[in-house]
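Asker: Just dropping this structure here.
The values are calculated or read from the model by the stated rules, or taken from the named source; none is laboratory data. Model, not experiment: these values are computed from the prediction. Don't worry about glycine lacking a Cβ; one is built from the backbone with ideal geometry, like all the others, and counts go over all protein chains shown.
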Amino acid sequence: MDLSLDASTLTFQAEVRSWLATHVRPLSSMDTAAGFEEHRSWERQLASERLSVVSWPAAFGGRDASLLQWLVFEEEYHASGAPGRVSQNGIFLLAPTLFAHGTDEQRARILPSMARADVVWAQAWSEPEAGSDLASLRSTAVRCDGGWLLRGQKTWSSRAAFADRAFGLFRTGPGERHRGLTYLLFDLRAPGVTVRPIAQLDGEPGFAEVFLDDVFVPDHDVVGEVGDGWRVAMSTAGNERGLTLRSPGRFTAAASRLVELYRKNPDPALRDRVVDAWIGAQAYRLHTFGALAAPLSGPAASVTKVFWSELDVAIHETALDLLGEVAPGWRDGWLFSLSGPIYAGTNEIQRNVIAERLLGLPR
Amino acid sequence: MDLSLDASTLTFQAEVRSWLATHVRPLSSMDTAAGFEEHRSWERQLASERLSVVSWPAAFGGRDASLLQWLVFEEEYHASGAPGRVSQNGIFLLAPTLFAHGTDEQRARILPSMARADVVWAQAWSEPEAGSDLASLRSTAVRCDGGWLLRGQKTWSSRAAFADRAFGLFRTGPGERHRGLTYLLFDLRAPGVTVRPIAQLDGEPGFAEVFLDDVFVPDHDVVGEVGDGWRVAMSTAGNERGLTLRSPGRFTAAASRLVELYRKNPDPALRDRVVDAWIGAQAYRLHTFGALAAPLSGPAASVTKVFWSELDVAIHETALDLLGEVAPGWRDGWLFSLSGPIYAGTNEIQRNVIAERLLGLPR
Amino acid sequence: MMFTLSSEQTDFAAVLHDFLRAGKTDLASLGVDEVTDPVDLVVVFEEVGHHAVAGPLIESLAVVPALMGGVAAGAAAGATHSVAFPPLVPHAVEADRYFLIDGDTLHEATPTAELESVDPSRRLVDLSPGPIVATDVPAARAFDLGVLTCSAQLLGLGRAMLELTTTHAKTRAQFGKPIGQFQAVKHHLANVLIGLELARPLVFGAAVTMNSRDVSAAKVATSDAAWQAARIALQVHGAIGYTAEHELGRFLLQTRALRTAWGSPSMHRARVLEAL
Amino acid sequence: MMFTLSSEQTDFAAVLHDFLRAGKTDLASLGVDEVTDPVDLVVVFEEVGHHAVAGPLIESLAVVPALMGGVAAGAAAGATHSVAFPPLVPHAVEADRYFLIDGDTLHEATPTAELESVDPSRRLVDLSPGPIVATDVPAARAFDLGVLTCSAQLLGLGRAMLELTTTHAKTRAQFGKPIGQFQAVKHHLANVLIGLELARPLVFGAAVTMNSRDVSAAKVATSDAAWQAARIALQVHGAIGYTAEHELGRFLLQTRALRTAWGSPSMHRARVLEAL
C-alpha cells in the first residue's frame, strides 16, 4: 500500500493549483439567469485550459488524465473555493452514459460542446408520481417519421430553468415498470417544451418542471437501444451516487473550512462534531483512493452516497451551530446539503439497496 | 399547572427517605441463589413497614398511596441506592392484571404473599419461536379434571431460575394467533416443570427456559375468561412498557450519579451527553407527572418505553466513556441497560405501534 | 400537584389555533397582549409556532413587557418591540421600536445594520444603544421568558411539521402503496413524536418553576426535537419539501433560526450543568 | 499510489482466517511474531478481531517488539508480554511479563492489583515499575502501533458482528417472514456496513503514514463503527444475543473494552484536532 503521488501527478497538481490561485473569482448563484451565464463563462475559461473535463480523451477536450489525477484536480478545485459546476449534470451523468452506450457520432457531436459549456445539460428523470419509484414513470415517446415525439411531464429537473438540453427516460414500448423505456436526449427550447422554474428553499429556481407536448427527438438522439433505457441509465447511475458527482475534494475542503471556523469560534462541546467532520471527509477521500484500483459497483456506490450526503449535512449543521442564525458563507452550502439525502435516490432507498444487494437480505 | 407536593405527600416522602437512609444496604446479585434470598429478606423488611407496595390497598399490604406518592416513593427508593426488586415481575406485571381481571378470591390469595415476597413471581411470555411475534406462541393448556395441563416451552423467563411461581399465556382453544389463548398461573416447582437457567452476558442466570410437561393448573389459577388471555395480558401490558415497571426515579437517580461522575472526571467533549442524560431523566419525570391525571394508553406507553430504554443506555454508555473499561459501580447497570431496548417488546415493535396507533399510518 | 392544562387553557389554545388558521394576525384582539403568566405564554407561543407566525412576537409579547413592568412602553397600540441582550442575544428581530439590555439597564436603541438570518422571514438588525429607559429592570427573568417562549414556539413548529409529514405519508404513494406503510418512514415519524412528546413537559415544567436551569433544559430539548422534526419532515417529503412553493420550508427555516436564537443549545447546556 | 492490499496480503489474511476459525492459537507458527510492517500488522489484527481472540496480542506482537527493537526481549518463546503507558494506558492486560513506559524509558514492571474490565475475558493488572530495561525507546511510535492494531482489531470485531447478524436476520423468522425482510432491520444493518466500510480505509491509511493524527482518526472511527455494530447486533439478535451461551456476547464485550483501550475516543479526537 502506498499513498504517494507520482511525479506527473505532482506536476499536474502544481499546475492546477497555480492556475486556480490566479483565476478563481466569486460568481453569482447559478440559479439566476445572469449567474448561469457567469458560470458558463467560467467553464469556458476552464475548457480553454483543458481543465473542464481532465479525465476525458483529448479529442473531446480533456487531458486523458488518470482517475487519480481527476481526484487531485477535484481536491485542488474545491480547496481553491472555485465555483460549483453548471455543467455538472452533463459531465457526470450523461457523459459516462455516452462513453458506455453512445455511438461514435454521438460522442463526437455532444461531448466537445459539453466540455466547453456551449451546451449545458439538465437531467429529466423524476415525474410527479415517479420519485423514489422511478420505474413508475409515465412520460412517453411515440414513434414518428425520423424520430420520436415526447409527451408528459418531468420534474425536479436540476438546472432546467436555464440549461440548453436535457436527457431522460421515456416509455416507448408496452412493458411495465423497468421494461419498454428508452433513454432520449431533447432540446429544452424545442417546440412543445414548457419549462416552469421551481423556487427552492433559498428562493432560487435550482430545478424546474418540464412539460412535453409532442416534442420531436431525432433518431440520432436515442442513447443505447430502444427499449433498453433502464439498463442504459442504471449502468452509470453509480456515477451520480458514488464517485464522480460528489468527489471527496468537496468534503475535505468543507471540513477544513469548518476546522478554521472552530478555531475562531471554539466551543469544546462541539469539538467532537468538528473532528468527526474532518475524519469523515478523510475517510471518504481514502475510500475513494481505494476504489481507484477496483471501481465501485452500483450498490457499493450506495454506501458512499449515504455517507457523503450525511457528512455534508453534519459539516454544515455544525457550522450553523457554531455561528448561530447569522452564518455568512455557510447558508447556501447548508441549504444545498439538506438536499443530499434526498436526490440521486433517497438515503432510505439506498439503504434498502445496501441491505438487499450487498448483504443479501431478502427483498 | 402546579408541581408542588401536598402536606401528606411531603410527610410520606420524609418518612420514606429517613427509613431508607438507615436501612438500605448493598446486596448480592439477585441472579444467584444466595442473592435471591437476600433480596427476598430485603423485600420482607420493606413489607414489614408497608413499603413494598405502597399504592395497593391496605388489605393486601399497601398503604392506599396515591400514584403521586408512589412516584415519590420510587424517587426516594432509587436515590437512596436501594437494591433492585426481585418481586418486580409480580408487583408490576401480574398484580395490575389481577386488580383488573382477577377474582376477589385470587386477589386475597395471591397479593398478600406477593407483597411479602413469600411468593416471588416470574413471567413466562416468550417462546423460542415467539419473541417479538408473541401471538405465534404454541404452548398449550389442555382441559383436565378440575383444571388444565400445560405443555410446551417458555423462554427468557426473567427470575425463573429462583422464583416460586410464574404467569403466562397458553393455547386453550382452536383459534389462531391472538385467539384461543388463556392467562394461567403455575407453580415453578410443580411436577412436570423443568427450569433451565440461562446465563446472561454477565454470566449470571437472570432468565431461564421453562419446559412444561403436563403441569397441572387448577381452575382457580385461570385469570380472566378462558380464551380471553390476549386481551387480559395486553390490557395491562402498558404497565410493563410505561409507567410502573420503569419509574422515573430510576433514571433521575442514575442521571444524578452520572453528573457526579462527570464532576470527578470532567471531559468537556462529553459534557453535552451528561447534560442530555439529566434533561432526559427530568423530561421523563415531568411526563409521568403529566400522566397522573390521565393515565397513558397502551400506545402512549410505547412512547415512554422507547424513551426510557434509550435514555438508560445513553446514561450508562456515557459513564463508560468517561471511565474507560474499568468502570466499578457502572458495569452491571450498563449491561442491564442494554437489554432495555429489547425486552417488553423491542423498540422496533414499539415504533411500529407508535406510528400505526398514535399517528394512524397504514399497517 | 396538577401538571396538566386547565380547560380554560386548552380552550384558549383552540381559539388561538382557529384564529391563526384563518389567517388572522391581530393577536391583541384576543387579549394576547395582556397575558403575563408563563404557563399561559407557553400556550400562546406553542400556537404561534404551530402556525409559523413570523415577527418579533417573543419580544413584543413576553420579553419587553417583562422588562417594562407596569411602565407603559409609550408605543402606539399594535406597534412591535424588539430587544437585544448582548452577547447572548446579539441582534434584534426587525420591529417598530428597539431596546437594548446592558446588565440591568434598559436602553432605547437604534438599528445600525441589517443582517441575514438562515431564515429569510426573520429580518435581523444590529443595534446601537440610545438613552436609558429604566434601570434595575428584571433582565434575567425577561431573558428567561424569551428562552421559554422560544422553546414553546419550537414545540409548536415541531408539532406542525409532524402533522404535515404524517398527512403527506398517508397520501403520497410510491411502489404502489402509501409511503407511510414503509417501516423506515414509520420509524422516522415515531422518533419525531417521541422527541416532541418528551420535550413538551419540560417546557410546561419550566413555565411553572421559571428557574434558569429548567428554562434552559426546555430550550435544549425543544431545539433538538423540533430540528429533528424538520429534518425528517424534509426527508419524508422529498423534493417537494425542498421547494419554496411548499409550506414546509417556512416551518423548517424558522425552526433552524430559533434553534440558536435566545442562546445556543450549547450555552443552555452549560447553564443546566452549572445549576446542577 | 496503490491503496489496496497486495495479493500476498489478502492471501495471508485468508490463511489467518482459516487458522483462527479452526480454533488454533499458536500464531507464531504462521510467522506472525515476525511481522513488523504496520500494514501487515493491520492485516493480522483485523483477523484477530474477526475471531475475537483474547489476550495481550497487541502488546506481545506490536507494541513490545517496537519498544525492544532489535534487543531480544529475553522471554521464553511463546511467552506473552504486556505494557502500560500511563496515563493513557494505565493498566496492562494480564501476561507472562510486564513493562511500563515512563517518557522514553522502558521499565520492567510487576503486577500489583487485578482490575475488572467491562469485558471479563480481559484480565487487567495495575503495575509497579521495576528496573530500567532501556532508555530512549521509540515510545511514541510504539504507542501509535498499539492504537493502530487496536483499531484493526475493532474493525475485525465489527465485521464479525455484521456477519453474525446478517446470518441471523436471514434465518430468524417472526410474523411469518425472516426478520431481515423488515426495513428497520435492513436499515440497521446497512448503517453498520456503511460505518465499517468507511472506517476501514482510515486504518490502512494510518498504517501507511504512521502519523499520530491518522492513527487517532482510525481509532475514533473504528471505535464508533464497531460499537455501532455491537449495539445493532444485539438489538437484531434480541434476547438470544444477551445470553452468555451465544457467541455474540464475546465480540460485544471485547468491542466495548477496546473502544476505550489505548486512549479513549475523546483523547484521540483531541489529538486529531491538535494536529490539524
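Asker: Exactly one condition in (1) surrounded by 19 or more Cβ atoms within 10 Å (Cβ to Cβ); (2) farther than 26 Å from C:Thr36 by Cβ is false for C:Gly176; which is it?
Answerer: Checking C:Gly176 against (1) surrounded by 19 or more Cβ atoms within 10 Å (Cβ to Cβ); (2) farther than 26 Å from C:Thr36 by Cβ, the one that fails is (1).
Asker: Is it the case that B:Ala269 is part of a helix (DSSP H, G or I), among the small types (Gly, Ala, Ser) and at pLDDT 95 or above?
Answerer: On the way: part of a helix (DSSP H, G or I): yes; among the small types (Gly, Ala, Ser): yes; at pLDDT 95 or above: no.
So B:Ala269 does not fit the description; no.
Asker: Kindly indicate whether B:Pro341 is without any contact (Cβ under 8 Å) to a residue 40 or more places away in the chain, under 15 Å from the mean Cα position of the chain (by Cα) and under 30 Å from C:Val236 (Cα atoms).
Answerer: Criteria met by B:Pro341.
Asker: Would you check if there is a residue in region C:176-199 being of a type in the set (Phe, Trp, Tyr) and either away from chain B (no Cβ under 11 Å) or within 30 Å of C:Glu94 (Cβ to Cβ) (or both)? Working first, answer last.
Answerer: Filtering region C:176-199 down to residues of a type in the set (Phe, Trp, Tyr) leaves C:182.
Checking which are either away from chain B (no Cβ under 11 Å) or within 30 Å of C:Glu94 (Cβ to Cβ) (or both) leaves us with none.
No, every residue in region C:176-199 fails to be of a type in the set (Phe, Trp, Tyr) and either away from chain B (no Cβ under 11 Å) or within 30 Å of C:Glu94 (Cβ to Cβ) (or both).
Asker: For A:Thr236, are the conditions met, namely being within 14 Å of another protein chain (Cβ to nearest Cβ), β-branched (Val, Ile, Thr) and under 19 Å from the mean Cα position of the chain (by Cα)? Spell out how you get there, then give the answer.
Answerer: On the way: within 14 Å of another protein chain (Cβ to nearest Cβ): no; β-branched (Val, Ile, Thr): yes; under 19 Å from the mean Cα position of the chain (by Cα): yes.
No: the conditions fail for A:Thr236.
Asker: Please work out if B:Leu338 is at the interface with another protein chain (Cβ under 9 Å from one of its Cβ atoms) and either surrounded by fewer than 22 Cβ atoms within 10 Å (Cβ to Cβ) or within 22 Å of C:Val272 (Cβ to Cβ) (or both). Before you say what the answer is, go through the steps one by one.
Answerer: Numbers: at the interface with another protein chain (Cβ under 9 Å from one of its Cβ atoms): yes; either surrounded by fewer than 22 Cβ atoms within 10 Å (Cβ to Cβ) or within 22 Å of C:Val272 (Cβ to Cβ) (or both): no.
In short, no.
Asker: Output the number of residues of region A:136-158 satisfying the condition of being more than 14 Å from chain C (Cβ to nearest Cβ) and either more than 18 Å from A:Val193 (Cβ to Cβ) or touching a helix residue (DSSP H, G or I) at 6+ places or on another chain (Cβ under 7 Å) (or both).
Answerer: 4
Asker: While we're looking at this one, here's another question. Could you tell me which of the residues D:Leu100, D:Leu115, D:Leu106 is assigned to a strand (DSSP E or B), at negative phi and within 14 Å of another protein chain (Cβ to nearest Cβ)? Break it down into steps so the answer makes sense when it comes.
Answerer: Details: D:Leu100 fails: within 14 Å of another protein chain (Cβ to nearest Cβ); D:Leu106 fails: within 14 Å of another protein chain (Cβ to nearest Cβ).
Answer to the check: D:Leu115.
Asker: Filter region D:208-226 down to residues that are in contact with a helix residue (DSSP H, G or I) (Cβ under 6 Å, 6 or more places away or on another chain) and facing chain A (nearest Cβ under 7 Å), then give me how many there are.
Answerer: 3
Asker: Can you spot a residue in region A:58-72 that is within 23 Å of A:Gly206 (Cβ to Cβ), crowded, with 20+ Cβ neighbours inside 10 Å and either of a type in the set (Val, Ile, Thr) or within 14 Å of another protein chain (Cβ to nearest Cβ) (or both)?
Answerer: Here is the first cut: in region A:58-72, the ones within 23 Å of A:Gly206 (Cβ to Cβ) are none.
For region A:58-72, residues within 23 Å of A:Gly206 (Cβ to Cβ), crowded, with 20+ Cβ neighbours inside 10 Å and either of a type in the set (Val, Ile, Thr) or within 14 Å of another protein chain (Cβ to nearest Cβ) (or both): absent.
To keep it simple, each residue is scored yes or no on (1) of a type in the set (Val, Ile, Thr); (2) in contact with a Gly (Cβ under 7 Å, 6 or more places away or on another chain).
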| residue | (1), (2) |
| --- | --- |
| D:Thr10 | yes, no |
| D:Leu16 | no, no |
| D:Asp26 | no, no |
| D:Val43 | yes, no |
| D:Glu46 | no, yes |
| D:His51 | no, no |
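Asker: Next up: I need every pair where a residue in region B:120-149 that is touching a residue at least 24 places away in the same chain (Cβ under 8 Å) and in a loop (DSSP other than H, G, I, E, B) has its Cβ under 8 Å from the Cβ of a residue that is surrounded by fewer than 17 Cβ atoms within 10 Å (Cβ to Cβ) and not charged (D, E, K, R), sequence separation at least 6 or different chains.
Answerer: Pairs found: B:Ser132/D:Phe175; B:Gly146/B:Pro218.
Asker: Kindly state which helices (runs of 4 or more DSSP H) lie completely within region D:1-92 and contain at least 2 residues that are buried (at least 20 other Cβ atoms within 10 Å of the Cβ) and away from chain A (no Cβ under 14 Å). Write out each step before concluding.
Answerer: Working: elements: D:7-21, D:38-50, D:64-68.
By residue number, D:38-50, D:64-68.
Asker: Examine region A:344-358 for a residue that is more than 7 Å from every other protein chain (Cβ to nearest Cβ) and outside any helix (DSSP H, G or I), and state whether such a residue exists.
Answerer: Scanning region A:344-358 turns up at least one residue that is more than 7 Å from every other protein chain (Cβ to nearest Cβ) and outside any helix (DSSP H, G or I).
Asker: On the basis of being crowded, with 18+ Cβ neighbours inside 10 Å, modelled with pLDDT of 95 or more and more than 17 Å from the chain's Cα centre (by Cα), does A:Thr194 make the cut?
Answerer: Working: crowded, with 18+ Cβ neighbours inside 10 Å: no; modelled with pLDDT of 95 or more: yes; more than 17 Å from the chain's Cα centre (by Cα): yes.
Answer is no for this residue.
Asker: Next question. When you look at C:Asp224, is it out of contact with any strand residue (DSSP E or B) (no Cβ under 8 Å at 6 or more places or on another chain), in a helix (DSSP H, G or I) and more than 29 Å from A:Ala314 (Cβ to Cβ), yes or no? Walk me through it before giving the result.
Answerer: Values: out of contact with any strand residue (DSSP E or B) (no Cβ under 8 Å at 6 or more places or on another chain): yes; in a helix (DSSP H, G or I): yes; more than 29 Å from A:Ala314 (Cβ to Cβ): no.
No.
Asker: For B:Gly90, are the conditions met, namely being surrounded by 14 or more Cβ atoms within 10 Å (Cβ to Cβ), touching a strand residue (DSSP E or B) at 6+ places or on another chain (Cβ under 6 Å) and more than 14 Å from chain C (Cβ to nearest Cβ)?
Answerer: On the way: surrounded by 14 or more Cβ atoms within 10 Å (Cβ to Cβ): yes; touching a strand residue (DSSP E or B) at 6+ places or on another chain (Cβ under 6 Å): yes; more than 14 Å from chain C (Cβ to nearest Cβ): yes.
For B:Gly90, the condition - surrounded by 14 or more Cβ atoms within 10 Å (Cβ to Cβ), touching a strand residue (DSSP E or B) at 6+ places or on another chain (Cβ under 6 Å) and more than 14 Å from chain C (Cβ to nearest Cβ) - is met.
Asker: Looking at the structure I just gave you, is A:Arg171 under 30 Å from C:Arg231 (Cα atoms) and touching a residue at least 24 places away in the same chain (Cβ under 8 Å)?
Answerer: Working: under 30 Å from C:Arg231 (Cα atoms): no; touching a residue at least 24 places away in the same chain (Cβ under 8 Å): yes.
The answer is no for A:Arg171.
Asker: Something else now. Within region D:249-262, work out how many residues are more than 9 Å from every other protein chain (Cβ to nearest Cβ) and either part of a loop (DSSP other than H, G, I, E, B) or within 19 Å of D:Ala184 (Cβ to Cβ) (or both).
Answerer: Taking region D:249-262 as the starting set, the residues that turn out to be more than 9 Å from every other protein chain (Cβ to nearest Cβ) are D:250-251, D:254-255, D:262.
Next cut, either part of a loop (DSSP other than H, G, I, E, B) or within 19 Å of D:Ala184 (Cβ to Cβ) (or both) only: D:262.
So the answer is 1.
Asker: Follow-up question, since we're still on this one. Do any residues in region C:31-54 that are on the phi > 0 side of the Ramachandran plot and modelled with pLDDT of 95 or more have Cβ atoms under 9 Å from those of residues that are of a type in the set (Lys, Arg) and assigned to a helix (DSSP H, G or I), where the two are at least six apart or on different chains, and which pairs are they?
Answerer: So the pair list comes out as C:Ala52/C:Arg250.
Asker: Among (1) in contact (Cβ under 8 Å) with a residue 60 or more places away in the chain; (2) outside any helix (DSSP H, G or I); (3) within 9 Å of another protein chain (Cβ to nearest Cβ), there is one condition D:Leu162 misses while meeting the rest; what is its number?
Answerer: For D:Leu162, the exception is condition (2).
Asker: Ok, one more. When the residues of region C:263-276 are filtered to those that are at the interface with another protein chain (Cβ under 8 Å from one of its Cβ atoms) and outside any helix (DSSP H, G or I), which remaining residue is surrounded by the fewest Cβ atoms within 10 Å (Cβ to Cβ)? Step through it out loud before you land on a result.
Answerer: First pass over region C:263-276, keeping only residues at the interface with another protein chain (Cβ under 8 Å from one of its Cβ atoms): C:264-266, C:269-270, C:272-273, C:276.
Checking the rest, the ones that are also outside any helix (DSSP H, G or I) come to C:264, C:276.
Details: C:Ser264: 24, C:Leu276: 14.
Looking at residues that are at the interface with another protein chain (Cβ under 8 Å from one of its Cβ atoms) and outside any helix (DSSP H, G or I), I get C:Leu276.
Asker: If you go through region A:280-303 one residue at a time, how many are of a type outside the set (Gly, Ala, Ser) and facing another protein chain (nearest Cβ under 8 Å)? Steps first, answer last, please.
Answerer: Quick first cut of region A:280-303, residues of a type outside the set (Gly, Ala, Ser) only: A:282, A:284-289, A:292, A:295-296, A:299, A:303.
So of that shortlist, the ones also facing another protein chain (nearest Cβ under 8 Å) come out as A:282, A:284, A:286-287, A:289, A:292, A:303.
Adding up the residues that qualify gives 7.
Asker: A follow-up question, please. Can you tell me which residue within region D:227-248, out of those that are aliphatic (A, V, I, L, M) and within 25 Å of D:Arg123 (Cα to Cα), is nearest to the other protein chains (Cβ to nearest Cβ)? Show your work before the answer.
Answerer: We begin by selecting, within region D:227-248, every residue aliphatic (A, V, I, L, M); these are D:229-230, D:232-234, D:236, D:239-240, D:244, D:248.
If we keep only those that are within 25 Å of D:Arg123 (Cα to Cα) too, we end up with D:229-230, D:233-234, D:244, D:248.
Working: D:Ala229: 13, D:Ala230: 9, D:Ala233: 11, D:Leu234: 6, D:Ala244: 4, D:Leu248: 9 Å.
Looking at residues that are aliphatic (A, V, I, L, M) and within 25 Å of D:Arg123 (Cα to Cα), I get D:Ala244.
Asker: If the Cβ limit is 9 Å and pairs must be 6+ apart or interchain, which residue in region A:95-106 that is surrounded by 13 or more Cβ atoms within 10 Å (Cβ to Cβ) pairs with which residue that is assigned to a helix (DSSP H, G or I) and charged (D, E, K, R)?
Answerer: Within 9 Å, the pairs are A:Ala95/A:Arg107; A:Leu98/A:Arg107; A:Phe99/A:Arg107; A:His101/A:Arg231; A:Gln106/A:Asp221.
Asker: Considering region A:1-32 alone, what residues qualify as being within 14 Å of chain D (Cβ to nearest Cβ) and either among the aromatic types (Phe, Trp, Tyr) or surrounded by 14 or more Cβ atoms within 10 Å (Cβ to Cβ) (or both)?
Answerer: Of region A:1-32, the ones within 14 Å of chain D (Cβ to nearest Cβ) are A:1-10, A:12-13.
Of everything in region A:1-32, those that are within 14 Å of chain D (Cβ to nearest Cβ) and either among the aromatic types (Phe, Trp, Tyr) or surrounded by 14 or more Cβ atoms within 10 Å (Cβ to Cβ) (or both) turn out to be A:Met1, A:Leu3, A:Leu5, A:Thr9, A:Phe12, A:Gln13.
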